[in-house]
Amino acid sequence: MKSTGIKSHTSHRLSALGLLVTIGIVFGDIGTSPLYVMKAITHVNPTYDADYIIGAVSCIIWTLTLQTTLKYVVIALRADNKGEGGILALYALVRRLRHKWLYVVAAIGASALIADGIITPAVTVTSAIEGLRAVNPSAPVVAITLVTITIIFVVQRFGTDAIGRCFGPFMLAWFLMLGVLGVLNIGDFPGIMKSFNPWYAVKMLVDYPGWFLVLGAVFLCTTGAEALYSDLGHCGRLNITVSWIYVKIMLILNYLGQGAWIIGQGELSASVNPFYGIMPHWFLVPGIIMATGAAIIASQALISGSFTIFSEAINLNFWPRLKIKYPGALRGQLYVPSINLFLYLGCVVAVLLFRTSARMEAAYGLAITVTMLMTTILLGCYLRHKGLNRYVTGLFLAFFITVEGIFFAANAVKFMHGGWFTMLIAGLVCSVMVIWYRASGLRKRYFEYKKASEYYDIISDIKNDHEIPKYAANLIYISHSDTPQMVESKVLYSIINKQPKRADHYWLLRMEYVDEPDTLCYNVDELVPGTLFSVGIKVGFRVQPMLSVCLRQIVEDLVEAGRLDLTSTYPSLRRHGIPGDFRFTVIHRIFSASSSCPGSDRFIMSLYEKIRYLGISDQEALGLDTSNVTVETVPLILNTRPSRRITPI
């Protein structure tokens, strides 16, 4: 078996540069939460007192400790798939377990994360731009926000290599700014340090009747934890773990400073954002610029993460094939035009629909609690699969499902106040994922296979039958067979019956999408010497296959090894050493109305045919040169009941 040369980043050394890069690309989402968390907490209870604020800050500190630090940094980062993280990478680790329903868990979690990726740029950029109202109350926040978001999405097509180099130093300065501003304001009410005692969190939740609403606001401080896990493959566990220590300290200092300032100020106006309130007046403009930059970086990270999620979903059979581009020099940097447009339109609708960050906060948080719950379930399956004691696994599941269940219930109150927006998006994406996954499995179940060995003689005779016009020097079929010994009956029908196709060499390319993220390797079985080749190509779920390029490299290897003569058999061309041509044949199966199957299967397949138009053609998805591709359309008939035979009179 040979590899085509893609190198997997299975480990990342701990280094100063690695820590700087990690701070720049991993913590953008969670790092911008101080923009809106304390503001949301004061809006929940405008008649707050010191105990309420101390208790709320205590909830933030312990949420960051238990949810972000313990679950994600300590536990989840160890559940890596060849160095890659995220809910779909985790699903790839456990999907072969006996629990067939896990694909639904993964689809729900991934779709909720996509919905979060739409609302996050909207709320972070709006929160940052709203700081202008402290300088100019009539500032056109919505218009500036829309322009900023438009620029963010437009630059995606050019790649982010150059901008990415600035992320680390900028975010390092951002977190330092958060910590310094917090320290400068703790003196307004030193008693805020009591927040480290979890008793004050419990006391606030017991004393305040609207504690559910408080938890809904508190949860916003940890919404970036899932993105942190998804970025595991970019930075490595050690770099994320060590840099998180610095990030967490700076975040907590800022929350303490905001809490002390709020208590010291007494009752606040609803228009005052404590994040900007703790800034000296002379620092407002630089602070707004820094906040806007941090919001852009957070948005950029979530957009790139969404591209990665869809790329993984495609190869895990959750989504139709999409056009994927690679605008930058960095391996793994993706740009998916259709998804970029989808996310952009979603952000624009969110900004125009809610108009203020306060109203967006009502839509924010509900979807990500769903993702966290699904990640917990998959993590529990993973830990049990790795041999962890069932009682310890049960304790892990019970604790985090309870904690996240409470957060979910707290955020569910937001449903009618805007949460419906993200849940609607998540529901639509999840529906497509589940239908596509089920239909793909259903289709493959009804592919008919035959033993290739029974047709060796026929194929050899066709090759040597000069009465049949030569179709191509090299005829390539895309096969769905799991082994070289079996081949689809439709492929054999195309070669032998439909129009006998004479060729010098016949190639059966078998694509196998594997659980390892960056695998790209092949092996060749020579079924009929010099005539019929079966090529198995293993593709990781983060790799976009380019079959034309891969086949060229494979053929070069075979020629170099002396296993293949590629020179044309036409005497005039052979005399000059010109190689033979290549022609791909793609068999496209369309669900037949004459199928005899249950109504549920018929419904799924009919939806599949409609969803198929969201994607691109097979030949474009596989990177085939369309000038030498033939598409043969055949019916796919699902027969689960014996068909009735016509009888003679």
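The values are calculated or read from the model by the stated rules, or taken from the named source; none is laboratory data. In this text the structure is predicted, and so the values were computed from the model without any measurement. Cβ placement follows ideal geometry from the backbone for every residue including glycine, while neighbour counts extend to all protein chains displayed. All accessible areas refer to the heavy atoms of the entire protein, side chains included, with ligands and DNA or RNA removed. Shrake-Rupley method; radii C 1.70, N 1.55, O 1.52, S 1.80 Å.
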Pair list, Cβ under 8 Å, 6 or more apart: region 282-296 residue farther than 18 Å from P169 by Cβ and in contact (Cβ under 8 Å) with a residue 24 or more places away in the chain, other residue crowded, with 21+ Cβ neighbours inside 10 Å and not acidic (D, E): L284/G131; L284/Y276; I288/A128; I288/I129; I288/G131; I288/Y276
Long-range neighbours under 9 Å by Cβ, at least six apart or interchain, first residue outside any helix (DSSP H, G or I) within region 120-142, second buried (at least 24 other Cβ atoms within 10 Å of the Cβ) and not aromatic (F, W, Y): A139/I129; A139/E130
Qualifying residues in region 485-517 (those that are open to solvent by 10 Å² or more (accessible area, probe 1.4 Å) and touching a Gly at 6+ places or on another chain (Cβ under 7 Å)) - the one nearest to F447 (Cα to Cα): R510
Where I262 falls short, out of the listed (1) hydrophobic (A, V, I, L, M, F, W, C); (2) open to solvent by 10 Å² or more (accessible area, probe 1.4 Å); (3) under 26 Å from A410 (Cα atoms); (4) over 26 Å from the mean Cα position of the chain (by Cα): (2)
Unique match (being touching a strand residue (DSSP E or B) at 6+ places or on another chain (Cβ under 7 Å) and either free of Cβ contacts under 8 Å to residues at least 24 places away in the same chain or not small (G, A, S) (or both)) among T569, T647: T569
Sole exception among (1) open to solvent by 10 Å² or more (accessible area, probe 1.4 Å); (2) of a type outside the set (D, E, K, R); (3) at pLDDT 95 or above for Y255, by number: (1)
Qualifying residue in region 93-101 (condition: closer than 28 Å to C235 by Cβ and not charged (D, E, K, R)): yes
Number of the condition not met by V348 [criteria: (1) among the β-branched types (V, I, T); (2) out of contact with any Leu (no Cβ under 6 Å at 6 or more places or on another chain); (3) at pLDDT below 90]: (3)
Answer from E454, E467, E512, E526 - the residue that is part of a strand (DSSP E or B), charged (D, E, K, R), on the phi < 0 side of the Ramachandran plot and over 37 Å from the mean Cα position of the chain (by Cα): E526
Of all residues in region 89-110 being open to solvent by 10 Å² or more (accessible area, probe 1.4 Å) and at pLDDT below 90, the one that is farthest from the chain's Cα centre (by Cα): R98
Neighbours by Cβ (under 7 Å, 6+ apart or cross-chain): first from region 363-381, surrounded by fewer than 24 Cβ atoms within 10 Å (Cβ to Cβ); second not in a helix (DSSP H, G or I): C381/L97; C381/H99
Checking S534 against (1) of a type in the set (G, A, S); (2) open to solvent by 10 Å² or more (accessible area, probe 1.4 Å); (3) not in a loop (DSSP other than H, G, I, E, B), the condition it does not meet: (2)
Region 538-547, subset farther than 14 Å from F584 by Cβ and out of contact with any Pro (no Cβ under 9 Å at 6 or more places or on another chain), residue most open to solvent (accessible area, probe 1.4 Å): K538
The lone exception for L302 - which of (1) open to solvent by 60 Å² or more (accessible area, probe 1.4 Å); (2) touching a residue at least 12 places away in the same chain (Cβ under 8 Å); (3) closer than 26 Å to A92 by Cβ it fails: (1)
Candidate set: region 133-153, residues that are under 29 Å from the mean Cα position of the chain (by Cα) and crowded, with 17+ Cβ neighbours inside 10 Å; chosen: the one farthest from S299 (Cα to Cα): I144
Tally, over region 524-537, of residues that are out of contact with any Pro (no Cβ under 9 Å at 6 or more places or on another chain), in contact (Cβ under 8 Å) with a residue 60 or more places away in the chain and not β-branched (V, I, T): 1
Pair list, Cβ under 9 Å, 6 or more apart: region 214-235 residue over 11 Å from Q67 (Cα atoms) and of a type in the set (D, E), other residue open to solvent by 10 Å² or more (accessible area, probe 1.4 Å) and assigned to a helix (DSSP H, G or I): D231/I25; D231/A301; D231/G305
Scope region 487-510; condition in contact with a helix residue (DSSP H, G or I) (Cβ under 8 Å, 6 or more places away or on another chain) and under 20 Å from H588 (Cβ atoms); matching residues: V487, L492, I495, I496, K501, Y506, W507, L508, L509
Hits in region 349-362 - residues which are open to solvent by 30 Å² or more (accessible area, probe 1.4 Å) and of a type in the set (A, V, I, L, M, F, W, C): V349, L352, L353, A358
Matching helices (runs of 4 or more DSSP H) fully within region 200-239 where at least 3 residues are touching a helix residue (DSSP H, G or I) at 6+ places or on another chain (Cβ under 7 Å) and open to solvent by less than 60 Å² (accessible area, probe 1.4 Å): 211-218, 225-230
